[in-house]
Amino acid sequence: MSTTTIVVAVLVVLALIAVGILVWFTTRGGRSRRLRSRFGPEYDRVVGETGNRADAETQLEQRVEERNHLPIRDLEPAERERYATAWTAIQQRFVDDPAAAVAEADDLCTALMGARGYPTQDFEQQAAMVSVDHADVVPSYRRAHELSEGATTTPARTDDLRESMVQYRALFERLLGEPVGHATGDGGRRPHVHDEEAN
C-alpha cells in the first residue's frame, strides 16, 4: 500500500469522524432546544436537580413517553360545570378562612387531575406529568403546593395564601379546559380572587 493511499485513507476516516461529531452535536443541540422550548422553567429546574443536562433531558423525554401512555381525556360539560362551581365556593371561603380555602384548592386541583386522567398518588409525579402538557403553569403549581403544605404546620401570611390561590387558579383553569368564568352556561362571570377581596 502506497503512502498516498494511506494518507487518503486516514483523511477519509478523519472526515467521517468529523461528520459524526458534527451530526452528534447537531442532534443533541436540537434535542436540547426542543425540550427547553417544551418545558420552559421546568427544563432548568430538572437540569439543576440532576446537575447533568444529558440526564435531565433523558428524564424529560421519559416523562413525555409516560404521559403518552396516560388516558388523558376532556371533561364533559356537566363535569366542567361541577368543578367550576366547586372552585367558586372555595374562592368565596377564602375571605373567611384563607388557609382552609388554599388546602381545598390543592385538593380540588388534584381531583381535577384525576378526572382528566393524570396520576394523583404522588405530588412529584403529578407535577411531572402535568408539565408535559402545561409546563408554563407547573412552576406556579409547585410554589402553591409548597405554600399550602407549609401552612399546615406554620401560619402563613395572607398575602402568601392569596398568591397560592392565584397560582392554583392558573393550573385549575388550564386543566378545566376554559376559564372558570366561561363555564357557567348562563353567561355569568365567576369572581376572581381579587374580585372577592375587592368586595
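The overall shape of segment 41-102, judged from the alpha-carbon gyration tensor, is oblate: a/c is not under 1.5, and a/b is no greater than b/c.
For a modelled paramagnetic label at Ile72, 7 Å from Cα along Cα-to-Cβ, the residues of segment 132-165 in reach, with backbone nitrogen under 18 Å, are 132-142. A straight line joining the Cα centroids of segment 138-162 and segment 50-105 runs 15 Å. Ranked by how many other Cβ atoms sit within 10 Å of their own Cβ, fewest first, the residues Thr158, Thr88 fall in the order Thr158, Thr88. Here is the list for segment 22-123: trypsin sites (Lys or Arg not before Pro) lying in DSSP coil, each with at most 13 other C-beta atoms within 10 angstrom of its C-beta, are Arg73.
Using the Cβ-Cβ distance between Glu124 and Val95 with R0 set to 45 Å, the FRET efficiency from 1/(1 + (r/R0)^6) comes to roughly 0.90.
Modelled this way, with points 7 Å down the Cα-to-C-beta line, the labels at Val12 and Glu65 are 3.7 nm from one another.
Coordinate-derived values only; no laboratory data. What you see is a predicted model, and the numbers here were worked out from it, not measured in a lab. Every residue, glycine among them, receives a Cβ derived from its backbone with ideal geometry; neighbour counts consider all protein chains shown.
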